[in-house]
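This report concerns only the one structure given below.
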Amino acid sequence: MATIGARLRNWWLNRYYQRKFNELGGPIKFRGTPIIRNSGTLKAGKKLYLLSYWKPIFIMVRRGGVLEFGDGVNINHGVHIAAFKSIKIGHQCGIGMDVMIMDSDFHELDSEKGTIEAAEVVLEDHVWIANRAIVLKGVRIGAGAVVAANSVVTKDVEPNMLVAGIPAKPIKKVNRNMLHPEDKL
């Protein structure tokens, strides 16, 4: 049973972190202390779960950027999400430890323009991204897709597809019938 001091700390942290969001569909559950820098628009659906007591989660939304989380999204330790333009994460997505999702290269490609190129990233519903995977700018990952550990996703992923490697390539279709009945997407 948690002490009164621990309950007060958790209550205060929840209030502090929830104020960083522009729109909330419901309560957010925090474990640990994520680092959230929001200069743009940060939206969350119901039951967003941020688990970061081993390693902090780092979420950054730059001015003019949009980051949207659907309902029931789980984010694990050490995840880095950086939105310069737009990142949309669908309902019931799972993001493993040390995953990086970014919609920009973080540097100028043309020094004459002086701008940073960014392209929208979309994770549709029921996507699972395993530990230490990287999702780069301009990628759409289809509903029910799985990204294997240590993969680098540079191109769009079809729905219900398992991808792996550097760069990530299709391995096989995900057979939903193999899932436990309670785990079906």
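Does at least one position in the range 42-58 carry a residue that is farther than 18 Å from Glu120 by Cβ, modelled with pLDDT of 95 or more and open to solvent by 20 Å² or more (accessible area, probe 1.4 Å)? Yes: one or more hits.
Quick check, is Leu8 open to solvent by 50 Å² or more (accessible area, probe 1.4 Å), at pLDDT below 90, over 21 Å from Glu124 (Cβ atoms) and not in a loop (DSSP other than H, G, I, E, B)? Yes. Yes or no: the range 67-86 includes at least one residue that is part of a helix (DSSP H, G or I) and either open to solvent by 50 Å² or more (accessible area, probe 1.4 Å) or not hydrophobic (A, V, I, L, M, F, W, C) (or both). Checking the range 67-86: not a single residue is part of a helix (DSSP H, G or I) and either open to solvent by 50 Å² or more (accessible area, probe 1.4 Å) or not hydrophobic (A, V, I, L, M, F, W, C) (or both).
Given the criteria under 25 Å from Ala133 (Cβ atoms) and open to solvent by 20 Å² or more (accessible area, probe 1.4 Å), does Thr3 qualify? So Thr3 fails the test. Residue pairs whose Cβ atoms lie under 6 Å apart, sitting 6 or more positions apart in sequence or on different chains, and linking a residue in the range 76-87 that is closer than 18 Å to Asn150 by Cα to a partner that is open to solvent by 10 Å² or more (accessible area, probe 1.4 Å) and at pLDDT 95 or above, are Asn76/Met97; His77/Met97; Gly78/Met97; Gly78/Asp98; His80/Phe58; His80/Met100.
When Gly25 is tested against (1) touching a Leu at 6+ places or on another chain (Cβ under 6 Å); (2) modelled with pLDDT under 95; (3) small (Gly, Ala, Ser), only condition (1) is not met.
In this structure, Gly25 does not qualify as under 30 Å from Ile116 (Cα atoms) and either in contact with a helix residue (DSSP H, G or I) (Cβ under 8 Å, 6 or more places away or on another chain) or surrounded by 14 or more Cβ atoms within 10 Å (Cβ to Cβ) (or both).
Of the residues that make up the range 147-157, is at least one open to solvent by 50 Å² or more (accessible area, probe 1.4 Å) and either modelled with pLDDT under 95 or of a type in the set (A, V, I, L, M) (or both)? Checked the range 147-157: at least one residue is open to solvent by 50 Å² or more (accessible area, probe 1.4 Å) and either modelled with pLDDT under 95 or of a type in the set (A, V, I, L, M) (or both).
The values are calculated or read from the model by the stated rules, or taken from the named source; none is laboratory data. Bear in mind the structure is a predicted one, so any value in this text is a computation, not a measurement. Reconstructed Cβ throughout: ideal geometry from the backbone, glycine too, with neighbour counts over all protein chains shown. Side chains are part of the model used for accessible areas, which takes the heavy atoms of the whole protein and leaves out ligands, DNA and RNA. Shrake-Rupley method; radii C 1.70, N 1.55, O 1.52, S 1.80 Å.
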